[in-house]
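*Asks:* The structure under discussion is supplied below as structure tokens; questions concerning it will follow.
Each reported figure results from applying straightforward, stated rules to the coordinates on display, with no laboratory input. All figures in this text were calculated on a predicted structure; none of them were measured in a lab. Cβ: placed from backbone, ideal geometry, glycine included. Neighbour counts: every protein chain shown.
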């Protein structure tokens, strides 16, 4: 496993306010710390670390301190699966949080289910996760997802397009599983609102060819381009797109384009919107989290690949406390019945162990911001 000094240094600074007499509880965190999604993986681990620090400052769980064990999935299914087994068999983790890509999360899910280990999925959005839980509750009883599902994600994006009076949009993504699923789901959700898709195209995450996709998207007659890539390639694609059409509005699903450190280099001639689970100012808890994250790590959270892992750990710790146990079935029972507070709002899980996100009353709603030179301005849902 590769070592990442900057991350490792922060993992051993967890608050020491909990009694060290009892054996600590351990959370295994799986994220891509190398490869094209490494930047997102780094913020993923930072957020999980911050949540564990906060939990320890609040007394830990079950009278025990909480520790973190990190695994680099490299964005690969085989590595994610083997690292999950290592965390369980060698590190002795009590629960897992991860992974990032849908493909690798499926491997993690199989291993966690076979061992009865609680797995909280904070980012991966493929429908197959909840489909498998629904079809085989016995095997996957301990698997839950706090992030939005692809249909929920598509519903939010389509509602925003409707609010902008969009008639036609172009969808551009990276050629990975959930991006293609999102493109298909958004087409259906948008059609229900009378919005058409003028173009859908994908580029490789490892060796992207931006030009043909950017040319096709800008020439399709779209009112806006929906950019499904959360990785670092999204910045390069945005720059190429704006060279072709400087005023073209862009709606990003989040991730790298939610990083405030990139704003000085972003081409903001046309509107740039970014979707996030939560943003500073959206709720008091989101503001408090953003302030803690920035103070701890020196940069503001992106609201997606950090906020959701933070909430995943927060929900897990609360479930340990509610169950009075770290045993998998007991924790699963607490998660199935309870309501858990996080940065993005109140988490409740449906029969497929999916957190309830959407645009309706009582749902976790997420937010969309517009980048301006002085920061991100919340523009949706209407405030």
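*Asks:* Using alpha-carbon pairs under 8 Å, 6+ residues apart, how would you state the relative contact order of the chain in percent?
*Replies:* Values: 831 pairs, mean separation 62.6, N = 383.
Rounded, it is 16 percent for the chain.
*Asks:* Suppose we keep just the DSSP beta bridges with both residues in the chain; what percent of those would be antiparallel, to 5? Please report the intermediate quantities before stating the final value.
*Replies:* On the way: 14 of 50 bridges.
In the chain, DSSP labels about 30 percent of beta bridges as antiparallel.
*Asks:* When you count, for each residue, the other Cβ atoms within 10 Å and take the mean per peptide, how do 123-133, 97-107, 337-347 rank with the highest first? Provide the component values of the computation, followed by the final result.
*Replies:* On the way: 123-133: 21.5, 97-107: 27.2, 337-347: 19.2.
Result, highest mean Cβ count within 10 Å first: 97-107, 123-133, 337-347.
*Asks:* How big, on average over all directions, is the shadow cast by the Cα convex hull of the range 122-213, in nm²?
*Replies:* Numbers: hull surface 28.9 nm².
Averaged projected area of the range 122-213's Cα convex hull equals 7.2 nm².
*Asks:* Please express the Cα-Cα pair-distance distribution P(r) of the range 321-383 as a list of whole percents, one per 5 Å bin, running from 0 to the bin with the greatest distance.
*Replies:* 4, 15, 19, 18, 13, 10, 8, 7, 4, 1
*Asks:* Mean-square fluctuation check for the chain, GNM, Cα pairs under 10 Å: which of 275, 152, 135 is largest?
*Replies:* Between 275, 152, 135, it is 135 that shows the largest mean-square fluctuation.
*Asks:* What is the Cα centroid distance between the range 280-318 and the range 331-381, reported in whole angstrom?
*Replies:* Distance between centres, Cα-based: 13 Å.
*Asks:* Using helices alone, what [θ] at 222 nm do you get for the chain, with -39,500 (n - 2.57) per DSSP H run of 4 or more residues, divided over all residues and rounded to the nearest 500?
*Replies:* Working: 12 runs with 155 residues, N = 383.
Helix contribution divided over all residues of the chain: -13000 deg cm²/dmol.
*Asks:* Take every DSSP beta bridge whose two residues both sit in the range 16-125, then give the antiparallel share in percent to the nearest 5.
*Replies:* Numbers: 1 of 14 bridges.
Just about 5 percent of them are antiparallel.
*Asks:* Candidates (i) 91, 51, 35; (ii) 64, 43, 40; (iii) 117, 54, 45; which is the computed Cα extents along the principal axes in Å?
*Replies:* (ii)
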